[in-house]
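My questions will all concern the structure given below.
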2 protein chains.
Amino acid sequence: MKKLMNDRESFLTDMIDGLKLRDEAIDIIEETVVVRRDKKQSGVALVSGGGSGHEPAHAGYVAEGMLDAAVCGEVFTSPTPDKVLAAIKAADNGDGVLLIIKNYSGDVMNFEMAQEMAQAEGHQVSSVVVRDDVAIDNEEQRRGVAGTVIVHKYAGYLSDQNLPLDEIVEKVEGMMESLYSIGMAIAPCLVPTTGEYGFDLDEDEMEIGVGIHGEKGIYREKSETVDKIVDRMLEELFKHTDSSRLIVMVNGMGGTPESELSIATKYVMENLASRNIAVSKLLVGDYMTALDMQGFSLTVLDEDQDVLDSLEAKTRSKYFK
Amino acid sequence: MKKLMNDRESFLTDMIDGLKLRDEAIDIIEETVVVRRDKKQSGVALVSGGGSGHEPAHAGYVAEGMLDAAVCGEVFTSPTPDKVLAAIKAADNGDGVLLIIKNYSGDVMNFEMAQEMAQAEGHQVSSVVVRDDVAIDNEEQRRGVAGTVIVHKYAGYLSDQNLPLDEIVEKVEGMMESLYSIGMAIAPCLVPTTGEYGFDLDEDEMEIGVGIHGEKGIYREKSETVDKIVDRMLEELFKHTDSSRLIVMVNGMGGTPESELSIATKYVMENLASRNIAVSKLLVGDYMTALDMQGFSLTVLDEDQDVLDSLEAKTRSKYFK
């Protein structure tokens with residue numbers, strides 16, 4: 001299998017060992033839980049995580065200004081409740097804990113189970129579930145994708161403002177009401193733990209609406225030029241928003257070169273300009289990936305001064321840029 | 001062709017348009033020359049560049065603390081002397097200009113021609129040629145690869161210390177004496193302007209010593225586990241260095257996911273520990289890529305306090321982390 005790895009069984013722990021070597025400001029507990037070495041002494045603690053394979057999400061965002069802990073499941077597999085519980089206990093400084101969960105049934109189940117266990121032990125724990133992927137019609141079933149990283153940043157900022165847990169939950173829930181994403185791929189990811197491709201795609205095909213684990217999208221068709229791809233993705237997003245001032249994220253899926261992200265960005269901004277939409281903040285990079293999938297996602301969010309301030313606020317994460 | 005692009009002819013200009021939208025601190029002149037919007041008013045100006053396809057190199061390093069201008073050629077094609085000359089003239093503030101050239105015949109020829117033209121117009125211009133790729137035996141013919149980014153950072157720091165041009169050249173030349181890199185790939189890049197893969201590689205093959213344009217390496221063999229790949233790459237590097245304190249860069253080739261860079265890093269550090277080598281600075285990320293090539297390179301450099309200080313110094317580039 002064409003992967004830079006040693007074996008399937010140690011993929012996750014080898015990755016975490018490497019992460020630790022790359023970032024002196026993190027510690028590893030319980031083998032797969034990444035925490036800040038200098039624990040935040042006050043303010044709501046933020047815990048996220050999920051299956052691995054989305055790097056730098058989520059462990060790369062464990063840093064001053066963003067998360068306090070990230071629970072790393074096996075590749076594309078939810079972490080178990082005991083690990084989430086360990087993260088909650090490690091991160092809680094007495095001001096309460098917010099769980100930021102992507103909307104996948106395993107994640108929701110295991111994080112909420114850990115939440116209940118932690119509450120039973122006396123921890124104050126709330127949770128928010130991110131559902132930004134408009135490729136799914138049913139709102140309740142929408143997957144959490146790249147918009148989750150904006151939630152990390154916003155919640156991190158609110159925590160640093162020393163807001164109490166219930167107020168952070170309220171603000172984050174409010175912000176998520178206008179948070180929409182859609183993804184696309186021109187080539188699937190190769191999953192190291194199974195040796196299988198995330199999905200099949202012919203040499204001349206693309207898929208619009210694909211999920212970050214290779215879940216089925218809305219359209220599978222012949223590949224088009226990126227201007228047309230962008231137009232179609234934005235058309236999907238504008239079924240959900242009518243804002244004229246947006247925050248925009250162009251997110252690489254992991255195997256997409258920087259050059260192509262820049263090209264996609266050009267056409268995103270051209271399309272938005274033709275719609276007379278002002279972009280008050282543009283984020284471009286690999287924020288929430290799907291291993292080595294080639295493709296990108298677009299995320300939009302209504303302009304909001306509080307959110308803008310949060311995106312400009314400092315973080316020590318090297319991955320939020 | 002599976003590329004997020006519109007057409008071959010506009011690949012470069014579309015990318016540059018996108019870059020400009022992503023970074024408000026840059027300007028574009030002469031269509032393909034990226035300069036700092038707020039021109040540095042004193043200190044030696046640094047100009048680099050070369051063929052495109054190595055993003056974020058070089059335009060991503062045009063920022064306070066690093067480069068003053070980058071000349072972007074077509075994909076894998078040297079920029080022409082007139083563009084380099086334009087960059088020199090735009091960047092020079094009267095304190096002289098240093099050209100940082102990767103050792104490819106076209107780049108060396110065109111940058112040196114521009115250097116002569118600029119000197120004839122009264123500019124003080126020097127140049128250094130980076131030759132860090134040990135896959136080539138003949139020292140004079142060694143290609144310039146990922147180590148070039150360390151040169152950008154070091155020279156940027158020296159310029160910010162207000163050192164004169166000749167002193168910067170001397171220090172950079174000295175630093176480059178212990179700068180060695182080697183690359184490898186498990187999958188070639190697809191070149192957008194030709195529609196061809198950079199080289200052929202069977203599904204179960206890897207190539208050690210490959211260049212950042214897909215140039216032939218030293219070994220082409222069956223793929224191995226990453227610990228063995230790392231051992232062999234370091235073995236090549238240690239034919240050239242016997243230092244016990246190193247600065248180390250693990251550089252992604254563009255299509256390599258973050259997870260695999262972390263795993264490679266783990267085994268690099270294990271190998272170095274077994275050799276009793278202290279790593280005084282570890283850089284991991286996509287610094288000098290080859291479009292969507294899957295693979296990585298390793299760069300080593302003797303520990304030096306001045307270089308270490310430069311690597312810790314601030315830059316506004318989002319890509320040097």
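The values are calculated or read from the model by the stated rules, or taken from the named source; none is laboratory data. Just so you know, these numbers come straight off a predicted model, no measurement behind them. Backbone-built Cβ (ideal geometry, glycine too); neighbour counts: all protein chains shown. Surface accessibility is based on the protein's heavy atoms, side chains included, excluding ligands, DNA and RNA. Shrake-Rupley method; radii C 1.70, N 1.55, O 1.52, S 1.80 Å.
Can you tell me how many residues in the stretch B:172-195 are within 14 Å of another protein chain (Cβ to nearest Cβ) and not in a loop (DSSP other than H, G, I, E, B)?
7
Go through (1) over 15 Å from the mean Cα position of the chain (by Cα); (2) more than 7 Å from every other protein chain (Cβ to nearest Cβ); (3) touching a residue at least 12 places away in the same chain (Cβ under 8 Å) and name the single condition B:GLU260 misses.
Failed condition: (2).
Taking the condition of being in a loop (DSSP other than H, G, I, E, B), more than 12 Å from chain A (Cβ to nearest Cβ) and small (Gly, Ala, Ser), how many residues in the stretch B:298-321 meet it?
Selection size over the stretch B:298-321: 1.
Additional query: When you scan the stretch A:103-116, do you find a residue that is of a type in the set (Asp, Glu), farther than 24 Å from A:TYR154 by Cβ and open to solvent by 50 Å² or more (accessible area, probe 1.4 Å), even just one?
Within the stretch A:103-116, one or more residues are of a type in the set (Asp, Glu), farther than 24 Å from A:TYR154 by Cβ and open to solvent by 50 Å² or more (accessible area, probe 1.4 Å).
Right, something else. Return the residues of the stretch B:119-171 that are touching a residue at least 24 places away in the same chain (Cβ under 8 Å), among the small types (Gly, Ala, Ser) and assigned to a helix (DSSP H, G or I); say none if nothing qualifies.
Across the stretch B:119-171, the qualifying residues are B:GLY147, B:ALA155, B:GLY156, B:SER159.
Suppose the filter is part of a helix (DSSP H, G or I) and within 12 Å of another protein chain (Cβ to nearest Cβ); does B:LEU4 pass it?
no
Moving to a separate point now. Restricting to the stretch A:189-208, and then to whatever is touching a strand residue (DSSP E or B) at 6+ places or on another chain (Cβ under 8 Å), of a type in the set (D, E, K, R) and open to solvent by 10 Å² or more (accessible area, probe 1.4 Å), can you tell me which residue is nearest to A:LYS3 (Cα to Cα)?
Going through the qualifying residues, I end up with A:GLU196.
So, one more: Look through the stretch A:93-119, keep the residues that are of a type in the set (D, E, K, R) and within 15 Å of the chain's Cα centre (by Cα), and return whichever of them is farthest from A:TYR180 (Cα to Cα).
Per the criteria, the residue is A:ASP107.
Could you tell me whether any residue of the stretch B:20-43 is open to solvent by 10 Å² or more (accessible area, probe 1.4 Å), at pLDDT 95 or above, within 19 Å of the chain's Cα centre (by Cα) and of a type in the set (D, E, K, R)?
There is at least one residue in the stretch B:20-43 that is open to solvent by 10 Å² or more (accessible area, probe 1.4 Å), at pLDDT 95 or above, within 19 Å of the chain's Cα centre (by Cα) and of a type in the set (D, E, K, R).
Follow-up. Looking at (1) touching a helix residue (DSSP H, G or I) at 6+ places or on another chain (Cβ under 7 Å); (2) within 30 Å of A:ASP309 (Cβ to Cβ), which one does A:MET117 not meet, given that it meets all the others?
Failed condition: (2).
Give A:SER78, A:SER127 a once-over and let me know the one that is surrounded by fewer than 22 Cβ atoms within 10 Å (Cβ to Cβ), touching a helix residue (DSSP H, G or I) at 6+ places or on another chain (Cβ under 6 Å) and among the small types (Gly, Ala, Ser).
None of the other options fit; the residue is A:SER127.
Across the stretch A:1-12, what is the number of residues that are open to solvent by less than 50 Å² (accessible area, probe 1.4 Å) and touching a residue at least 12 places away in the same chain (Cβ under 8 Å)?
Qualifying residue count for the region: 5.
Could you look through the stretch A:265-297, keep only residues that are more than 9 Å from chain B (Cβ to nearest Cβ) and without any contact (Cβ under 8 Å) to a residue 24 or more places away in the chain, and pick out the one that is farthest from the chain's Cα centre (by Cα)?
A:SER274
Residue check: is B:VAL230 in contact (Cβ under 8 Å) with a residue 60 or more places away in the chain, over 30 Å from B:MET15 (Cβ atoms) and buried (at least 24 other Cβ atoms within 10 Å of the Cβ)?
yes
Is it true that some residue in the stretch A:44-59 is over 19 Å from the mean Cα position of the chain (by Cα) and surrounded by 21 or more Cβ atoms within 10 Å (Cβ to Cβ)?
Taking every residue of the stretch A:44-59 in turn, at least one turns out to be over 19 Å from the mean Cα position of the chain (by Cα) and surrounded by 21 or more Cβ atoms within 10 Å (Cβ to Cβ).
More than 22 Å from A:LYS102 (Cβ to Cβ) and open to solvent by 70 Å² or more (accessible area, probe 1.4 Å) - does that describe any residue in the stretch A:167-188? Explain how you work it out, then say what you get.
Our first condition is that a residue be more than 22 Å from A:LYS102 (Cβ to Cβ); within the stretch A:167-188, this holds for A:167, A:186-187.
From what's left, open to solvent by 70 Å² or more (accessible area, probe 1.4 Å): A:167.
Yes.
Take the residues in the stretch A:214-227 that are open to solvent by less than 40 Å² (accessible area, probe 1.4 Å) and farther than 26 Å from B:ASP14 by Cα; name whichever of them is nearest to the other protein chains (Cβ to nearest Cβ).
Among residues in the stretch A:214-227 that are open to solvent by less than 40 Å² (accessible area, probe 1.4 Å) and farther than 26 Å from B:ASP14 by Cα, the one nearest to the other protein chains (Cβ to nearest Cβ) is A:GLY214.
Turning to a different aspect of this structure: Taking A:GLY295 as the residue in question, decide whether it is under 20 Å from A:GLY53 (Cα atoms) and either in a loop (DSSP other than H, G, I, E, B) or in contact with a Pro (Cβ under 8 Å, 6 or more places away or on another chain) (or both).
On the way: under 20 Å from A:GLY53 (Cα atoms): yes; either in a loop (DSSP other than H, G, I, E, B) or in contact with a Pro (Cβ under 8 Å, 6 or more places away or on another chain) (or both): no.
The answer is no for A:GLY295.
I'd like to verify a number: residues in the stretch A:63-75 that are buried (at least 24 other Cβ atoms within 10 Å of the Cβ) and away from chain B (no Cβ under 14 Å), how many?
Here the count works out to 5.
Restricting the stretch A:244-284 to residues that are of a type in the set (Asp, Glu) and crowded, with 20+ Cβ neighbours inside 10 Å, which is farthest from A:ILE186 (Cα to Cα)? Walk me through it before giving the result.
Keep residues of the stretch A:244-284 that are of a type in the set (Asp, Glu), which gives A:258, A:260, A:270.
Narrowing further to those that are crowded, with 20+ Cβ neighbours inside 10 Å: A:258, A:260.
On the way: A:GLU258: 15, A:GLU260: 12 Å.
Restricting to residues being of a type in the set (Asp, Glu) and crowded, with 20+ Cβ neighbours inside 10 Å, the top hit is A:GLU258.
Need at least 3 residues that are not aliphatic (A, V, I, L, M) per element, so show me which strands (runs of 3 or more DSSP E) inside the stretch B:200-262 make the cut, counting only ones lying wholly within it.
By residue number, B:219-222, B:245-252.
Does A:GLN305 meet the test of being on the phi < 0 side of the Ramachandran plot, open to solvent by 10 Å² or more (accessible area, probe 1.4 Å) and free of Cβ contacts under 8 Å to residues at least 12 places away in the same chain?
On the way: on the phi < 0 side of the Ramachandran plot: yes; open to solvent by 10 Å² or more (accessible area, probe 1.4 Å): yes; free of Cβ contacts under 8 Å to residues at least 12 places away in the same chain: yes.
Spelling it out, A:GLN305 is indeed on the phi < 0 side of the Ramachandran plot, open to solvent by 10 Å² or more (accessible area, probe 1.4 Å) and free of Cβ contacts under 8 Å to residues at least 12 places away in the same chain.
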